[in-house]
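First up is the structure itself, then whatever we jot down about it.
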Amino acid sequence: MHLLVKTLENISSRYAPSRILTFNSAHIFKTLQLIEKKGTVSRNLLSSELGLGEGSIKTLIKHLKMEDMIRTTNKGTKMSDKGKSILTKLSLYVGNETDVPECSISIGKFNHAILLKQMKCEISSGIEQRDIAIKNGAKGAITLTFENEQFLTVNTNYDSLQNETNIKKLLVDRLNPIDNDIIIICSNDSKYIIAELAAKAAALYTLDNHDKHSYEI
C-alpha cells in the first residue's frame, strides 16, 4: 500500500526547479475518482471539482501523463490501464464517501466522511489523522471506529452517535460500514472541497502507515 500512496505523492511533487505546486496527493486521488466516474473529463470540470485554477490543472494533467496514469484526447482526459490499476488497488481499502450535515460530532459548516476498510488496527488515537486534516486546511477532524452497529470514539466503547439517529442512519446507508472499519470526518467552515480533500489526505496518510500488505504497481 505504501507504494500506491507513494505514487500519488510523486505525481504531486515538483519536477526539477519549479514553482510550488498547489495540489497534492489528495487532489490526484480525487482526479482519478472523477475520471472513473465520468469516463472522460474536461479541464473545466477538473478545475471546478478540485477548486484549482487553469494553470494548476494543466500542471496536474502533465504530471499524470508523465506517470502514464491518464490519456488525453480531443474529448478530454481518460484513465490509462495503470491509472485504473492503482485506483482499483486503493479501492480495496478506501470505501464510500459522503457529505455530512452539521451535527454534534462535526465542528464546521461543511463536513466530509470517508471510510477505510478494516483499518481499526491502524488507529492509535485519531490525533494523527486530525493533524493531517488540519495541515490540509480542515478546521478539525474526528475518527470513529465501527463496532456492533455503533460508531465509537477511538479506544472507547462510547457511541458517538447515540443521540444522532438521523446522522447514524445516513452514515450506515451511504458508507455501508462493517466491524473494524474506520470513518474519518473532516470539517471546514468556508468550502466543502477543503473538507473533502482533507479527509482524503488523512485517509491516504493512514494507508501509507499500513504495513500489513504490500502491492506491486
Residue check: is residue 187 of a type in the set (Ser, Thr, Tyr) and modelled with pLDDT of 95 or more? yes
Among the residues listed as 76, 83, 108, 55, the single one being within 21 Å of the chain's Cα centre (by Cα) and assigned by TED's automatic domain parsing to the domain that holds residue 40: 83
Residues of region 157-194 being outside any loop (DSSP other than H, G, I, E, B) and exposed (fewer than 15 other Cβ atoms within 10 Å of the Cβ), in sequence order, are 165, 166, 169, 172, 173
Return the residues of region 147-171 that are closer than 15 Å to residue 117 by Cβ and either touching a residue at least 60 places away in the same chain (Cβ under 8 Å) or under 20 Å from the mean Cα position of the chain (by Cα) (or both); say none if nothing qualifies. 171
Give the residues of region 85-135 that are of a type in the set (D, E, K, R) and more than 13 Å from residue 186 (Cβ to Cβ), sorted by residue number. 89, 102, 117, 120, 122, 128
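Results for (1) among the polar types (S, T, N, Q); (2) in contact with a Phe, Trp or Tyr (Cβ under 8 Å, 6 or more places away or on another chain), shown as yes or no for each residue.
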| site | (1), (2) |
| --- | --- |
| 155 | yes, no |
| 166 | yes, no |
| 169 | no, no |
| 178 | no, yes |
| 182 | no, yes |
| 191 | no, yes |
| 195 | no, yes |
Among (1) touching a residue at least 60 places away in the same chain (Cβ under 8 Å); (2) in a strand (DSSP E or B) - the single one residue 144 does not satisfy: (1)
Quick one: residue 21 ticks every box in (1) among the hydrophobic types (A, V, I, L, M, F, W, C); (2) farther than 21 Å from residue 208 by Cβ; (3) not in a helix (DSSP H, G or I) except a single one, so which number is it? (2)
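The values are calculated or read from the model by the stated rules, or taken from the named source; none is laboratory data. Here the structure is a predicted model, which means the values were calculated and not measured. Glycine gets a Cβ as well: all are built from the backbone with ideal geometry, and neighbour counts include every protein chain shown.
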